[in-house]
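The values are calculated or read from the model by the stated rules, or taken from the named source; none is laboratory data. Everything quoted here is computed from the prediction, not taken from an experiment. Here the Cβ is made from the backbone with ideal geometry for all residues, glycine too, and neighbour counts use every protein chain on show.
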Amino acid sequence: MSSKLFLFDLDGTLLSVKNHRMRHIVDESLKSVGLHHEIHREKKFSGRTDHDIFQTYLNSEMKHRYNQLKVKYIELMQSELKHEDVDLLDGAHEVANWITQKQIHWGLLTGNYEITGKLKVQNAGFPLKASFGIFGDGFLDRTQMAAQAVNKAKLHFSFEFSPDSIVIIGDTPNDIRCAKENNYLSVAVATGGFTKANLAEYKPDYLIESLHELPYLFS
């Protein structure tokens, strides 16, 4: 069994949700609290938590509507997100096989709300169930999430992971930043909205084209 801990982002790393479906769900969620349905076109989602994203839609006079907005978004995701809306990204199946064969310690580190993150994984058909994870409920910053994910992993696996044995895998500069700020290893994968050249500017420890390459980095 590997002594390393691998923490995976979801969107843009393990899976991808079709843009038209997400646009529709976010549109309808915003309209439910009286916001213009196209306001989210100006927002950048990549690498942020759902808690952060939805909070920024609301000005000081509307902050009290946050829970209503969150509940509506979750309801719409549960009722409208279908299997055909979510795709596993290149290398996801190979990573699942590697995790199983090598008995890898792993979990999820994603900005999604827990309910919707698990729903995406289910609809994508990822063959493994994560034994633990940290989700974006209540977090504005990904760096804090990483530290809590490691604490949760230590309890779950009854194993003390050193900082240089913890690996954050994600597709955005924020994933790289949260690894660096916690003194963990970063693997940037160019399967989301950033190219390898974009990601290289943030100096990840490893930079790969797709998850196909991940097992070879740590064989």
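Structure values in brief
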item: Residue match in region 5-24 (condition: surrounded by 17 or more Cβ atoms within 10 Å (Cβ to Cβ), under 30 Å from Leu185 (Cβ atoms) and among the small types (Gly, Ala, Ser)); result: yes
item: Neighbours by Cβ (under 8 Å, 6+ apart or cross-chain): first from region 9-35, within 15 Å of Glu75 (Cβ to Cβ); second among the β-branched types (Val, Ile, Thr) and surrounded by fewer than 18 Cβ atoms within 10 Å (Cβ to Cβ); result: Leu30/Ile39
item: Those helices (runs of 4 or more DSSP H) lying entirely in region 122-219 with at least 3 residues touching a residue at least 24 places away in the same chain (Cβ under 8 Å) and within 14 Å of the chain's Cα centre (by Cα); result: 142-157, 173-181
item: Criterion violated by Thr56 - all others in (1) touching a Lys or Arg at 6+ places or on another chain (Cβ under 6 Å); (2) among the hydroxyl-bearing types (Ser, Thr, Tyr); (3) at pLDDT below 90 satisfied; result: (1)
item: Matching entry among Leu58, Leu89, Leu76 (being closer than 25 Å to Asn182 by Cβ and either in contact with a His (Cβ under 9 Å, 6 or more places away or on another chain) or among the aliphatic types (A, V, I, L, M) (or both)); result: Leu89
item: Residues (in a strand (DSSP E or B) and either without any contact (Cβ under 8 Å) to a residue 40 or more places away in the chain or out of contact with any Asp or Glu (no Cβ under 9 Å at 6 or more places or on another chain) (or both)) located in region 77-121; result: Val86, Asp87, Leu88, His105, Trp106, Gly107
